[in-house]
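**Q** One structure, as C-alpha cells, below. Some questions next.
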Amino acid sequence: MGKRTLILASMALAGTIMLAGCTGQPMTTREQGTLGGALLGGGAGAAIGAATGGGTGAAIGAITGTALGGATGFAVGNSMQNQENANQQTQQQIQQQQQEIEQQRQQIQQLQQQNETE
C-alpha cells in the first residue's frame, strides 16, 4: 500500500506541474512560488518520511510537505507578485508624469516663441 500511495502522490504532483504548463502563458511569480514551494516541500517531506517511517512515511511526508511547501510558496510568491504589481503601477505613473512634463515644456516653448514675435 505504501508504494501505491507514493506513486499516486507522485502522479498528482506531476499532473499539477503539467496543468501549470498548459496555460500557454508564462507563469506568474505567485504561480512560480507555489510550484517551487510544493516541489521543495514534497521532496523534503518524502526524504524525511522515508528516513523516519519507511515507504508509507515517505508518501505521507511527501503529501504533507507538498501541501505545506505549496502554501508557504504561495504566500511568498503572492507577496512578491503584489510588490511587482505595485512597482509596475509606479512605473506607469512615472511615465505619465514624464509625458505631461514634456507636453508642458513644449507649451512653454510655444508661448515663449509667441511672446518673442509680438
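**Q** Answer yes if at least one residue in the range 75-98 is over 20 Å from Pro26 (Cβ atoms), at pLDDT below 95 and part of a helix (DSSP H, G or I), and no otherwise.
**A** Yes.
So that you can scan it fast, the table gives a plain yes or no per residue for (1) farther than 24 Å from Gln81 by Cβ; (2) surrounded by fewer than 17 Cβ atoms within 10 Å (Cβ to Cβ); (3) of a type in the set (Val, Ile, Thr):
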position	(1), (2), (3)
Arg30	no, no, no
Ala50	yes, no, no
Ile60	yes, no, yes
Thr66	no, no, yes
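**Q** Give just the number: which of (1) in a helix (DSSP H, G or I); (2) open to solvent by less than 100 Å² (accessible area, probe 1.4 Å); (3) modelled with pLDDT under 85 does Leu19 not satisfy?
**A** (2)
The values are calculated or read from the model by the stated rules, or taken from the named source; none is laboratory data. Since the model is a prediction, treat every value here as computed from it, not as a measurement. Positions of Cβ are generated from backbone atoms using ideal geometry, with glycine treated the same way; all protein chains shown enter the neighbour counts. Quick note on the areas: whole protein, heavy atoms, side chains included, nothing else; ligands and nucleic acids left out. Shrake-Rupley method; radii C 1.70, N 1.55, O 1.52, S 1.80 Å.
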